[in-house]
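The values are calculated or read from the model by the stated rules, or taken from the named source; none is laboratory data. These figures come from a predicted structure and were not determined experimentally. Here Cβ is always computed from backbone atoms with ideal geometry, including for glycine, and neighbour counts include all displayed protein chains.
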Amino acid sequence: MKVRRRLVQQTSRWFYANFSTDCNESNMSGRKFCVGGNWKMNGDQKSIADICKTLSSAPLDPNTEVVIGCPAIYLMYARNLLPCEVGLAGQNAYKVEKGAFTGEISPAMLKDIGADWVILGHSERRAIFKESDELIAEKAQHALDQGLKVIACIGETLEEREAGKTNEVVARQMCAYAQKIKDWQNVVVAYEPVWAIGTGKTATPDQAQEVHAFLRQWLSDNISKDVSASLRIQYGGSVTAANAKELAKKPDIDGFLVGGASLKPEFVEIINARQ
Ligand code: PEP
């Protein structure tokens, strides 16, 4: 009996020594894998119906949380076509409930039509619409106060990476969020190097893991060990069915935010990357 127990202990030590660094370690993190599709300003009724049909008929990994970021005008339409276990996100929302803000939508409105998430701080909002770290953090705080879950995006430009400033930039962006967000339970951070978004140039699994590990340490040092251990950090930037499995093995990558490939049937393979 003793010999058998010792053998089991030795085998499990050998197993963890040999296999615990990638897939197994991340699966043991307790953080549910979370994959977001960001459709951006794409789609029409026909193509959205097609994507929703694909997502409704495909076997989706029940251990992965799926969220679709849909153009505002099609949110209700998509809600009615998506499987109910798939979450729905606005791609932006303003920092107050209502008022004279022509063209904007509020978290209260998103909730009212059945969306439960909002994507904030996407690099396109930062670069094209000149949204500041502070405004994005205010939006995040208000969305959380209103009961939405938030995908909070961060990421460095190519210029910043080449100047060796990646950690400095993502720390600054996280700092801005941290000045407003008090409860991180309903937040998922999406690390999206700007140079990888829509370019077909994915960060290697090691490059992505390095920044995710830095963010985990930053959270531990600046927020708390609990938040560091439980907060999900997605990787975004040209994720495809071809590279998702390798990225998903990294211990600090807890899912993806996917643009282009979320409009294609291969999105199902990305959702199922951990299987
Ligand atoms: C994104 O828009 O968040 C994104 C990562 O886009 P893509 O997957 O197309 O690079």
Condition test on Ala241, is it within 14 Å of the ligand (Cβ to nearest atom) and out of contact with any strand residue (DSSP E or B) (no Cβ under 9 Å at 6 or more places or on another chain)? yes
Testing Thr157 on (1) out of contact with any Leu (no Cβ under 7 Å at 6 or more places or on another chain); (2) surrounded by 18 or more Cβ atoms within 10 Å (Cβ to Cβ); (3) among the β-branched types (Val, Ile, Thr), one condition comes back false. Which one is that? (2)
Residue list for segment 73-86, restricted to those being in contact with a strand residue (DSSP E or B) (Cβ under 8 Å, 6 or more places away or on another chain) and surrounded by fewer than 18 Cβ atoms within 10 Å (Cβ to Cβ): Glu85
Here is a list: Ile128, Ile113, Ile119. Which entry is in contact (Cβ under 8 Å) with a residue 24 or more places away in the chain and either out of contact with any Cys (no Cβ under 8 Å at 6 or more places or on another chain) or over 21 Å from Val67 (Cα atoms) (or both)? Ile113
Selected residue [more than 15 Å from Cys153 (Cβ to Cβ), surrounded by 18 or more Cβ atoms within 10 Å (Cβ to Cβ) and in contact with a strand residue (DSSP E or B) (Cβ under 9 Å, 6 or more places away or on another chain)] from Leu219, Leu231: Leu219
Per the filter on segment 145-163, residues within 25 Å of Phe214 (Cα to Cα) and either of a type in the set (A, V, I, L, M, F, W, C) or within 12 Å of the ligand (Cβ to nearest atom) (or both) are Val150, Ile151, Ala152, Cys153, Ile154, Gly155, Leu158, Ala163
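Being over 21 Å from Gly260 (Cα atoms) and within 16 Å of the ligand (Cβ to nearest atom) narrows it down to one of His142, His212, so name that one.
Checking each option against the conditions leaves just His212.
Here's the yes/no breakdown for (1) of a type outside the set (Val, Ile, Thr); (2) within 16 Å of the ligand (Cβ to nearest atom); (3) within 14 Å of the chain's Cα centre (by Cα):
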residue: Asn167; (1), (2), (3): yes, no, no
residue: Val187; (1), (2), (3): no, no, yes
residue: Ala208; (1), (2), (3): yes, yes, yes
residue: Ser220; (1), (2), (3): yes, no, no
residue: Ile223; (1), (2), (3): no, no, no
residue: Ala229; (1), (2), (3): yes, no, no
Single residue of segment 258-275 satisfying the filter (among the aliphatic types (A, V, I, L, M) and crowded, with 21+ Cβ neighbours inside 10 Å) that is farthest from the chain's Cα centre (by Cα): Ala273
What number of residues in segment 201-215 are over 13 Å from Ile154 (Cβ atoms) and surrounded by fewer than 20 Cβ atoms within 10 Å (Cβ to Cβ)? 7
Tell me which of these Gly255 doesn't satisfy, since it passes every other one: (1) surrounded by fewer than 19 Cβ atoms within 10 Å (Cβ to Cβ); (2) within 13 Å of the ligand (Cβ to nearest atom). (1)
Within segment 216-223, identify whether any single residue is under 21 Å from Arg125 (Cα atoms), in contact with a helix residue (DSSP H, G or I) (Cβ under 7 Å, 6 or more places away or on another chain), of a type outside the set (Phe, Trp, Tyr) and at pLDDT 95 or above, and answer yes or no. no
What do you reckon, is Lys201 within 14 Å of the ligand (Cβ to nearest atom), among the basic types (Lys, Arg) and over 28 Å from Leu144 (Cβ atoms)? yes
So for segment 112-131 (the condition being surrounded by fewer than 18 Cβ atoms within 10 Å (Cβ to Cβ), aromatic (Phe, Trp, Tyr) and over 22 Å from Met76 (Cα atoms)), does at least one residue qualify? yes
Test: Met41 is outside any helix (DSSP H, G or I) and either within 16 Å of the ligand (Cβ to nearest atom) or at pLDDT 95 or above (or both): yes
